[in-house]
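Undergrad: Input: one structure, supplied below.
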Amino acid sequence: MLVLALDAAMSACSAALWRDGRTLARVTRPMERGHAEALMPMIESVMAEGGRTYAELDLVAATVGPGAFTGIRIGLAAARGLALAAQKPCAGVTTLEALAAAARVMHGGAVLAVVESRRADLFVQGFASSGAPLGAAAALQPEGLAEFVRANDLAPGFVLAGD
């Protein structure tokens, strides 16, 4: 399966072309603003580097949050527009799922995905070493993080992933 994946939900902008468990091309640029101007050229770059056309895509995916509202809209609009134009399906992945999947690939084991909100609280979700969520995502104050880890039975040695 050939997937074009987009992320503009946080303080970076990313595009990647993925096929059957292997990254063919990717580009990531840290940025607080400017996602709208940066994303489409990044998509063109990964498609060219990967040597694929939009017609060859099987799926277009984008992060759906949590994250910055404007960035989420930019990523989703680009993904939906490309999917409609190429007549391909479009899928959403939560930012926490994407962070956990990347951490599992790099480090293995259980993962606690954490994203800071702009309101001084955290969005958190635990994932088993298999990738299965250990419960629903939650918004909590930083001082509640230790209790969240205990309540979700995250084993010692879990990986912390996030911003």
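The values are calculated or read from the model by the stated rules, or taken from the named source; none is laboratory data. Just so it is clear, the structure is predicted and the values come from calculations on it, not from any experiment. No Cβ is skipped: glycine too gets one built from the backbone with ideal geometry, and neighbour counts run over all protein chains shown. The protein model used for the area step is the full one, side chains on, heavy atoms only, and it has no ligands, DNA or RNA in it. Shrake-Rupley method; radii C 1.70, N 1.55, O 1.52, S 1.80 Å.
Undergrad: Loop-only trypsin sites (Lys or Arg not before Pro) in the range 59-129, please: DSSP not H, G, I, E or B, and at most 12 other Cβ atoms within 10 Å.
TA: Those satisfying the criteria are 118, 119.
Undergrad: Just in the range 1-90: which GluC sites (Glu not before Pro) are loop by DSSP and have at most 14 other Cβ atoms within 10 Å? Before the final figure, lay out the partial values.
TA: Numbers: sites: 32, 37, 44, 49, 56; in loops: 32.
Here the GluC sites (Glu not before Pro) that fit, given the DSSP loop and packing criteria, are 32.
Undergrad: Just the accessible area for residue 63, please: 1.4 Å probe, Å², rounded to the nearest 10?
TA: Probe radius 1.4 Å; accessible area of residue 63 about 10 Å².
Undergrad: Run lengths n ≥ 4 of DSSP H only: what is the helix-derived mean residue ellipticity at 222 nm for the chain, with -39500 (n - 2.57) per run over all residues, to the nearest 500?
TA: When only DSSP H runs of four or more count, the value is -10500 deg cm²/dmol.
Undergrad: Here is a further query. If you line up the long axis of helix 95-107 against the longest principal axis of the chain, both from Cα atoms, how many degrees apart are they, to the nearest 10?
TA: The helix 95-107 is inclined about 80 degrees to the chain.
Undergrad: Where is the GNM fluctuation largest for the chain (alpha-carbon springs, 10 angstrom cutoff): 61, 36, 136?
TA: Of 61, 36, 136, the Gaussian network model singles out 136 as fluctuating most.
Undergrad: Using the crude model of +1 on Lys and Arg Cβ and -1 on Asp and Glu Cβ, and no other charge, please compute the dipole size for the range 1-140 relative to its Cα centre, in debye to 20.
TA: The dipole magnitude comes to about 60 debye.
Undergrad: Determine the relative contact order of the chain: mean sequence separation of Cα pairs under 8 Å and six or more apart, normalised by residue count, in whole percent.
TA: Rounded, it is 18 percent for the chain.
Undergrad: Between the range 1-72 and the range 92-118, how many Å separate their Cα centres?
TA: Result: 17 Å between the Cα centres.
Undergrad: Calculate, in whole percent, how much of the Cα-Cα pair population of the range 74-163 lies beyond 23 Å.
TA: Cα-Cα pairs of the range 74-163 separated by over 23 Å account for 33 percent.
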